[in-house]
Amino acid sequence: MEVLAHAKLNLTLDVLGKRPDGYHDLRMIMQSVALADALTLKENGSGEVRVSTNLHFLPNNEKNLAAQAALRWWEARGQTPRGLDITIEKRVPVCAGMAGGSSDAAAVLRALNRAEGEPLSPPDLAKIGERVGSDVPYCVIGGTALAEGRGEVLTPLPSLPRCWVVLCKPEFSISTPALFAKIDSVRLRCRPDTQGAVAALGAGDLAGVARRMYNVFEDALPERQHARVNDLKNVLIQCGALGASMSGTGPTAFGLFDDESCAQQARERLSDFGGEVFLTYTV
Ligand code: ATP
């Protein structure tokens, strides 16, 4: 079986507060893009899940989120693991705030469900995915959605009007736990207008959504990284992006474009900054 695992972007990301269980309550508008990992699944009859990828540093055992998803699937179905070889061609940058690993996990759940004749609905699959990671439920469903709670409480939203997306993952990475720890002590300069963005989605107003994009984690970034993300956003806006923001806990910066030649120009200019640069579109 072959399946694609699409990357996600956060059109908005707000942290509402810390919960008694230590997690944070989030409110974010998620959006899938065409950029995707390509997975191939083959039953191997060994009872083991083996993963191979084109990135040597990723785990090839049950630490890989794709393998965890398969194990959770068999557990939820009350079946003994039959064993699986999973090959992942990683195209989505790793540790980028684009849910690459969660999306691989969601793709495995969708593929195993399909192989058995779709016995589970997407919300049931999302429930299994929740045990692998907070972003997995959204990745099962994809498209444009509001994610609340830890990210697992999902409300589908009207699709963002199709547009070009240019994104840049700088060469450094950000520690997600460190950023969550820091966000409680940071004075947030600004919050995203989530309600306004939802209304703009309802009206099919791409520019209205793009204008309201914001991610509160930008304020919690270490100074040098913050400056770098700002530089990337400025280039995107100078090139004609309707809006620019950071995805997840970063450091990927992205911009939305309604004009392909502007998007191409942005991709070229960002290539001079180093890191991984992609021109893709929303799905
Ligand atoms: P999020 O947006 O959900 O915070 P991310 O984009 O920041 O995710 P990922 O690339 O999904 O980060 O995952 C990074 C971590 O997960 C790495 O430490 C990596 O070793 C581990 N990992 C496990 N399985 C995978 C996978 N299939 N693909 C990518 N990373 C994986």
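The values are calculated or read from the model by the stated rules, or taken from the named source; none is laboratory data. Just so you know, these numbers come straight off a predicted model, no measurement behind them. Cβ placement follows ideal geometry from the backbone for every residue including glycine, while neighbour counts extend to all protein chains displayed. These area figures cover heavy atoms from the full protein model, side chains too; ligands, DNA and RNA do not enter into them. Shrake-Rupley method; radii C 1.70, N 1.55, O 1.52, S 1.80 Å.
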Item to check | Test result for residue 256, assigned to a strand (DSSP E or B) and either without any contact (Cβ under 8 Å) to a residue 24 or more places away in the chain or not assigned by TED's automatic domain parsing to the domain that holds residue 22 (or both) | outcome: yes
Next on the checklist: If residue 85 satisfies all but one of (1) within 12 Å of the ligand (Cβ to nearest atom); (2) over 30 Å from residue 206 (Cβ atoms); (3) modelled with pLDDT of 95 or more; (4) surrounded by 14 or more Cβ atoms within 10 Å (Cβ to Cβ), what's the number of the condition it fails?
Outcome noted: (1)
Checklist entry - With (1) of a type in the set (Gly, Ala, Ser); (2) more than 16 Å from the ligand (Cβ to nearest atom); (3) under 23 Å from residue 14 (Cβ atoms); (4) modelled with pLDDT under 95 as the list, and residue 134 as the residue in question, which single condition is left unmet? => result (2)
Checklist entry - Hey, among the residues in segment 247-282 that are open to solvent by 40 Å² or more (accessible area, probe 1.4 Å) and of a type in the set (S, T, N, Q), which one's farthest from the ligand (Cβ to nearest atom)? => result 261
Checklist entry - Given the structure, is residue 110 open to solvent by 10 Å² or more (accessible area, probe 1.4 Å), at pLDDT 95 or above and not aliphatic (A, V, I, L, M)? => result yes
Checklist entry - If you scan segment 52-72, which residues turn out to be in contact with a helix residue (DSSP H, G or I) (Cβ under 6 Å, 6 or more places away or on another chain) and within 7 Å of the ligand (Cβ to nearest atom)? => result 65, 66
Item to check | Subset tally (residues that are in a loop (DSSP other than H, G, I, E, B) and either modelled with pLDDT of 95 or more or away from the ligand (no atom under 14 Å from the Cβ) (or both)) for segment 2-50 | outcome: 9
Checklist outcome for this item: Restricting segment 176-229 to residues that are of a type in the set (Ser, Thr, Tyr) and touching a residue at least 60 places away in the same chain (Cβ under 8 Å), the one surrounded by the most Cβ atoms within 10 Å (Cβ to Cβ) turns out to be 214
